[in-house]
Structure formats: structure tokens, C-alpha cells
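Below: one structure, written as C-alpha cells.
The values are calculated or read from the model by the stated rules, or taken from the named source; none is laboratory data. Only a predicted model underlies this, so the values are computations on that prediction, with no experimental measurement involved. Virtual Cβ from ideal backbone geometry, glycine too; neighbours counted across all protein chains shown. Keep in mind that these areas ignore ligands, DNA and RNA; they rest on the heavy atoms of the full protein, side chains included. Shrake-Rupley method; radii C 1.70, N 1.55, O 1.52, S 1.80 Å.
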Amino acid sequence: MIDQIEALASLAEHGTMHAAALRLRISQSAVTKRLDALESALGVRLRERTGRRVRLTPAALRLLERARPLLAELRLAVAGERSAGGGWLVLGVSESILASWGPRVLADLGKRCPELHFRLNAHRSPVAVDLVRSGEYMLALVAGDEQASGELARRTLFAEEMTIVPSGLRKLVLRRGSVFSVMSIEPSSASGRALRAPLGRLSRERGIRLEPDVTLQSYTAVVQLARAGFGHGLVPKPLALALGVPSSALVALPAPGVHRPIQLVGRSATLARDPAEPFLAALPGALARAGLI
């Protein structure tokens, strides 16, 4: 019955039988058979067709509300058994972290803790957290204001400094009363939400307004566009340096600066056991050696 409930959960997430089948890596007919069997076992209808999409019935929604946490715990239990022998840690990581300091820090951890082995997956922060919530990943190393609710715990590791990559790497001077249009990450993203308060403080206390007029889904794209002269870019400083922008070309923001939080998200039970517990214990040292804290 577990496979049948997973089929229902996948249908709820993706909306069509075809998309659910792709997610589960099985045929569409196999998804249909699993759902038919689940409806037969429960004696209730679980889906209603609305055009090309399938809508779940109230009975299906009630079932998923109760079953999803159990599915997540089961996936974590299976993942824990698989990893126990070899120290494998299944980790979802924000793309901007993997494009900058992430590989260096994780490689350092691997050398100093040879019992740890990483299965790394790059995602935007909300996706990585959702996959931890579903039990597919053990932990998520993410950037921005990513709220971990309910069964998830989050630990803020440090605040990552933001900087300006000036358009075309030409000299840019920030003065009180300055108003600059900048390219940055979309405001609805986890990082975008985290930047609202410090940008507001920069405007109030320092008289410098940075107004995002072009928003993208990738900080890497913002860096490269700014270098090419398409406008100023507000980006994480470690990412700009990792992509080869000279430190002398970057424009520092006045104290206390603008930062975005870097967080580790996972279930409390996962954080307290191997292999997550030794990873969490060694992580601050690796971040310090990388000059991040």
C-alpha cells in the first residue's frame, strides 16, 4: 500500500497522471493501477477528472494529510539504513552555494571526516527544503529566508555578505542620497525575502537606495550580466569572487552591510544521528577555515 499512497502523493503534487508517472519513474498505466487498487482497498473515490488534470477528492486530501509525515519518516528510515554503513549523507544544496564556497567546504569536510560521503543535489532553496520535508533528502544547505515549519528544524550557520558588481566593472561610488537600479534575485525567492529588511535599513540609515529593476532566478546570471555591462548587480560576495570578479572591482556596502542567512534544514531526529550529527559538528570548523565565519 505504500507504493499506492506514494502514487497518490505524486498525483497531488504534479496534477496529471503523466507527470506523476515521470516523477515515480514508472508507466502511466502503473500509476492508474496503483490508484485503482488504493480506491478499492479504501472503498472511496480519491480522484475526479477535470479536463486534462485530475483533482483529488476530500477523502484523498484527508488521507494525504495523515500519510505524508509517515511517508517522509519511512523514506528517512530507509535512507538512514542505506547510509549507516558507508556514512552517506544525502544533501540538497542551494545552487548559488555550490557555485561558490560549497564545494571547497564540503571537500574540506570530506578530507577531515573520511567516514562522511556526500550525495549532492543542486536546487533552489525552497525545492531543497521541500525534498527534505518529503524525506528524499536528509539535509538542505540553503540560502535566504527559508522558513522551516512543522516537523523541520533550521540552524542559521552564518550571514553571507552581499556586494555590488558594478556594470562593466567600472568604478562606482556610493554616497548618501544615491539611488541605484540593480539587477538581483527575484524578490519572491528565499534570498529576495531575506534582503528586504537590510536593504530598507541601508536606505534609512545610510541614505543609499538600491532598487532591483531587473530580477532573475540565478545569481550567477546576475554576476555575468553585470560584468558584461548590462547594469549593476547585487550578489553574494563569495559567488562574485568565485566567478573571477576581482575583489578590487567589487563595491562594498556601508556598515553594517547587507547579508543573507545561510541555513541548514533537517528533521530534528536526523540532525541528532549519524551521518548528520558528525557533519553538523564539523561544519563550523570548515566554514571558519574557508573564511566565512
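What to note about this one:
- Counting Lys and Arg as +1 and Asp and Glu as -1 over every other residue whose Cβ lies under 13 Å from the Cβ of P236, the net charge comes to -1.
- Label sites at S181 and R273, each approximated as a point 7 angstrom past Cα along Cα to Cβ, lie 5.4 nm apart.
- Distance (nanometres) between label positions extended 7 Å along Cα→Cβ at R104 and D36: 5.7 nm
- Among the helices of the chain, those built from whole DSSP H runs whose Cα atoms reach 27 Å or more along their own axis and whose mean Kyte-Doolittle hydropathy is at least -1.0 are 58-84.
- Residues I97, I293, sorted by accessible area with the largest first, give I293, I97 [1.4 Å probe; ligands and nucleic acids excluded].
- Accessible area (Å², per residue) of the chain, counting only protein heavy atoms and a probe of 1.4 Å: 49 Å²
- Counted by Cβ distance under 13 Å from L42, the other residues give a net charge of +3, where Lys and Arg count +1 and Asp and Glu count -1.
- Summing charges over all other residues whose Cβ lies under 15 Å from the Cβ of E277, with Lys and Arg as +1 and Asp and Glu as -1, gives +1.
- Bridges between two residues of the chain, per DSSP, are antiparallel at a rate of about 55%.
- Counting protein heavy atoms only, region 248-291 has 58 percent of its accessible area on carbon and sulfur, 1.4 angstrom probe.
- Rough spin-label spacing in nm, given labels placed 7 Å along Cα→Cβ, for A19 and A122: 2.4 nm
- Mean separation of Cα contacts under 8 Å, 6 or more apart, over the residue count of the chain: relative contact order %: 21 percent
- Over the chain, dividing the summed -39,500 (n - 2.57) contributions of all DSSP H runs of at least 4 residues by the number of residues returns a 222 nm mean residue ellipticity of -14500 deg cm²/dmol.
- For Cα extents along the principal axes in Å, computed directly from the structure shown, the correct entry in [x] 64, 49, 32; [y] 54, 41, 40; [z] 70, 49, 31 is [z].
- Cα gyration tensor shape of region 144-281, rounded if a/c is under 1.5, else prolate or oblate by comparing a/b with b/c: prolate
- Cα-based shape type of region 136-200, given that a ≥ b ≥ c are square roots of the gyration tensor eigenvalues and the cut on a/c is 1.5: prolate
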